[in-house]
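A short reminder: the numbers here are calculations on the coordinates, not readings from a lab. Everything quoted here is computed from the prediction, not taken from an experiment. Reconstructed Cβ throughout: ideal geometry from the backbone, glycine too, with neighbour counts over all protein chains shown.
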Amino acid sequence: MGEIVLKSETIELEEYKSLLSNPYKTFRQADQLRREICGDEVSFVINRNINFTDRCINRCKFCSFRFRKNYLLSKEEIAKKVEEALDYGCTEVCIQGGLLENANLNFYIDILQTVRDISKSIHIHAFSPMEVFHAARNSKMHVEDVLRELKRAGLDSIPGTAAEILVDEIREEICPEKLKTSEWVFVIKTAHKLGIPTTATMMYGHIESWEDRIEHLLLIKKIQQETHGITEFIPLPFMPKNNPLGKLSSGSSGFEDLLVIAIARIILYPEIKNIQASWVKLGKKLVQASLYTGANDVGGTLMEENISKAAGSSSGEFLEVEEILQLIRTAGRIPVQRSTVYEPIKRFDSD
Ligand code: SF4
């Protein structure tokens, strides 16, 4: 597994810390970089989330989703959700779930097969690095072989979730049972090697420092310089309701959310072109503001969203295409429907 030496790269770290001292200058710089590489188009994807179970053997301290309802979707229930997604015009299903004790490679392949029995073409964006790692562990297989089999069964891309903060001292506090930083990096890089693109995320606003956030961003940049397999970066503010970590932190401010997006744009430039502002986490108005501090994508329609809702999000579970178009247009930008991997599907020039 790749060695991580970012702690020693202090010159770069100090350099980026200066972005914090003048936030307005940082916002302006991020907006200029966004304009330079993305122009005035703001993208979105028509997708559906499917969280197949909330049962989980891990006990991450920020998790409000685990055992909230104690459910496991049957194949028929998953199939019905996929059919509804196709009826709505979704080009993607995003499939993730808790870690069932005995879930092995065949369990995850069955889910892919259920989708593929209904549609050969819908993009399957599924299984976090933690789930891939779990499948490999339970099947006593190498991560690379697991990824190869998942790809063969229809997996198109992987969400770069389970990243939280990629600094082991922080992970030890907030999610000690989750895969370590080097393991997360290994799953992601191996996926890229096999031609499976991924996103990258960061969950911030709890016990981590700005230094940890910047270290995380530098690591993501470093991976991208090596593999070019990351399609977008998605900063996710910690949601403090109904979880133990919420007793230690009430989460980030809106101003901080915008600053994280701006700093992500600057640090990841030019390697990562797409910075997503998540409407579920930020709310629609803050997403609009973020389009002026570095973001160029507003994510997906989702259709249902169980994880943030359990942690106190009040932004809803479904943003209709019309609402997304309006959100982008009233922020003064041009909406573009995209595929999961950022191929343009339709540009909406006017009403
Ligand atoms: S965040 Fe994921 S892995 Fe952690 S407890 Fe919740 S469902 Fe399980």
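Using the Cβ atoms and a cut-off under 12 Å, what net charge is assigned to the surroundings of N102, where Lys and Arg are +1 and Asp and Glu are -1?
+1
Would you please report the Å³ per residue occupied by the convex hull of the alpha carbon atoms in the stretch 1-158?
Numbers: hull volume 30.0 nm³, N = 158.
Spread over its residues, the Cα hull of the stretch 1-158 gives 190 Å³ apiece.
Sticking with the crude label model, points 7 Å out along Cα→Cβ, report the distance from S74 to S350 in nm, one decimal please.
If labels sit at S74 and S350, their model points lie 5.2 nm apart.
Give me log10 I(q)/I(0) at q = 0.10, 0.11, 0.16 Å⁻¹ for the stretch 6-347, Debye formula, one equal scatterer per alpha-carbon, no solvent.
Treating every Cα as an identical point scatterer, log10 I(q)/I(0) equals -0.55, -0.68, -1.61.
Of G97, Y342, L327, whose Cα points farthest to the positive end of the dipole of the stretch 6-347 (charges on the beta-carbon: +1 Lys, Arg; -1 Asp, Glu; origin at the Cα centre)?
The one lying farthest along the dipole's positive direction is L327.
Please list, ordered by chain and number, the residues whose modelled amide H lies under 5 Å from the amide H of I345; skip anything fewer than 5 residues away on the same chain.
Amide H neighbours of I345: Q337, R338, S339.
Could you check which residue among L13, L166, L219 shows the biggest mean-square fluctuation in a GNM of the chain with a 10 Å Cα cutoff?
L13
Name the aspartates and glutamates eligible as straight-distance cross-link partners of K309: C-alpha to C-alpha under 20 Å, and not fewer than 8 places from it in the same chain.
Leaving aside aspartates and glutamates fewer than 8 places away in the same chain, those within reach of K309 are D54, E164, D257, E317, E320, E323.
Can you run phi through the Karplus equation (6.51, -1.76, 1.60; θ = phi - 60°) for the stretch 15-27 and list ³J(HN,Hα) in whole Hz, with x for Gly and Pro?
Result, ordered by residue: 4, 6, 5, 5, 5, 7, 6, 9, x, 5, 5, 5, 4 Hz.
Net charge near G205, counting Lys/Arg +1 and Asp/Glu -1 over other residues with Cβ under 15 Å of its Cβ?
It works out to a net charge of -2.
What percent does the relative contact order of the chain come to when contacts are Cα pairs within less than 8 Å and at least six residues apart? Before the final figure, lay out each step's value.
Details: 671 pairs, mean separation 80.6, N = 351.
Result for the chain is 23 percent.
Which cross-chain or sequence-distant (5 or more) residues have an amide H under 5 Å from the amide H of S43, H modelled 1.01 Å from N in plane?
Excluding prolines and chain starts, which carry no amide H, the hits are D297, V298, V336.
Taking 8 Å as the Cα distance limit and 6 or more residues as the minimum spacing, I'd like the relative contact order of the stretch 203-351 as a percentage. Write out the running numbers ahead of the final one.
Values: 207 pairs, mean separation 30.6, N = 149.
Reported as a whole number, the value is 21 percent.
Can you give me the distance in nm between label points at E41 and E226, each placed 7 Å from the Cα along the Cα-to-Cβ direction?
It works out to 3.1 nm between the two label points.
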